[in-house]
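First the structure, in the form of structure tokens, and then the observations on it.
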Amino acid sequence: MHPNPAFRPDNRDETLELARDWGFGLLAMSVSDAAPMLSHIPFLLSEDGSAAELHLVRSNPIARALTGPTPARIALQGPHGYVSPDWYGIDGQVPTWNYLAIHLTGRLTPLPENDLPGLLDRLSAHFEARLAPKPEWTMAKMAPEAAAKMMRQVLPFRFHIDAVDSTWKLAQNKPDAARIAAADQIAARGMGSETRLLAALMRKPPE
């Protein structure tokens, strides 16, 4: 996380709501002196933000290495974009990158395999609900043999969340006029990801 406190607002509830909405992140875990193991995962965050449910393919190195509760982190990347110093309209500026990122730190724990069907149902229902009025996909639409084969290939896990950290680097350390001028340029010609959303966040950053 960025060390400047200006970019780290005290907005845990808003941060958790974003993490729940995004529902996809980079799981990192280390069990030795080797480089951390990484896996890109969808997950379902609990209502109180205390835990997340997820699944991994059996052959995933993290799934193979995990034997009990193990320290881990889920990193989420939000909108981000390059900021040209020319856009501020003030002197003495340098190029930078504005972004929103979330880190969930805690312990990853394997679950009993018979927890998998319920976990998969909850996870798919969470995302399918956003596609309404499309009829919701459920596991019942799969042939039983195909569903059983798929479920033999994955394992369920729970991620217990001990800490929630975030960086909202939105030019809060610049004069309002300079920040809004840069936001307008990012919206018009942004280089990055979801630059229009980034610009909207810059126009009204969190307190």
Inset, instruction - List the longest stretch of the chain that has no exposed loop site; here a site is one of the trypsin sites (Lys or Arg not before Pro) assigned by DSSP to anything other than H, G, I, E or B, with at most 15 other Cβ within 10 Å. - result: 59-151
Legend entry - Theoretical gain in end-to-end length, Thr138 to Glu207 [0.36 nm per residue, Cα-Cα removed]: 20.8 nm
Inset, instruction - Quick one: work out Rg over Rh on the C-alpha atoms of the chain, Rh as Kirkwood radius. - result: 1.05
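Given only helices, namely DSSP H runs of n ≥ 4 each adding -39500 (n - 2.57), what is the per-residue ellipticity at 222 nm of the chain, to the nearest 500 deg cm²/dmol? The partial results should precede the final answer.
Details: 6 runs with 60 residues, N = 207.
Calculated mean residue ellipticity at 222 nm is -8500 deg cm²/dmol.
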Legend entry - Set of lysines near Lys149 by C-alpha distance (under 20 Å), chain-local residues within fewer than 8 positions excluded: Lys141
Legend entry - Sorted peptide list for 133-139, 111-117, criterion being average Cβ within 10 angstrom, highest first: 111-117, 133-139
Inset, instruction - Taking H placed 1.01 Å from N in the peptide plane, check which residues at least 5 places from Met37 or on another chain put their amide H under 5 Å from its amide H. - result: Met29, Ser30, Val31
Legend entry - Cα-projected label distance for Asp184 with Met150, points at 7 Å along beta-carbon direction, nm: 4.9
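Give, rounded to the nearest 20 debye, the magnitude of the charge dipole that the range 32-181 has about its Cα centre when Lys and Arg contribute +1 at Cβ and Asp and Glu contribute -1 at Cβ.
On the way: 14 positive and 15 negative charges, 72 e Å.
In debye, rounded to 20, the range 32-181 gives about 340.
Rule-based calculations on the coordinates, nothing more; no lab input. Everything numeric in this text was worked out from a predicted model, so none of it was measured. Neighbour counts run over all protein chains shown; Cβ positions are idealised from the backbone, glycine included.
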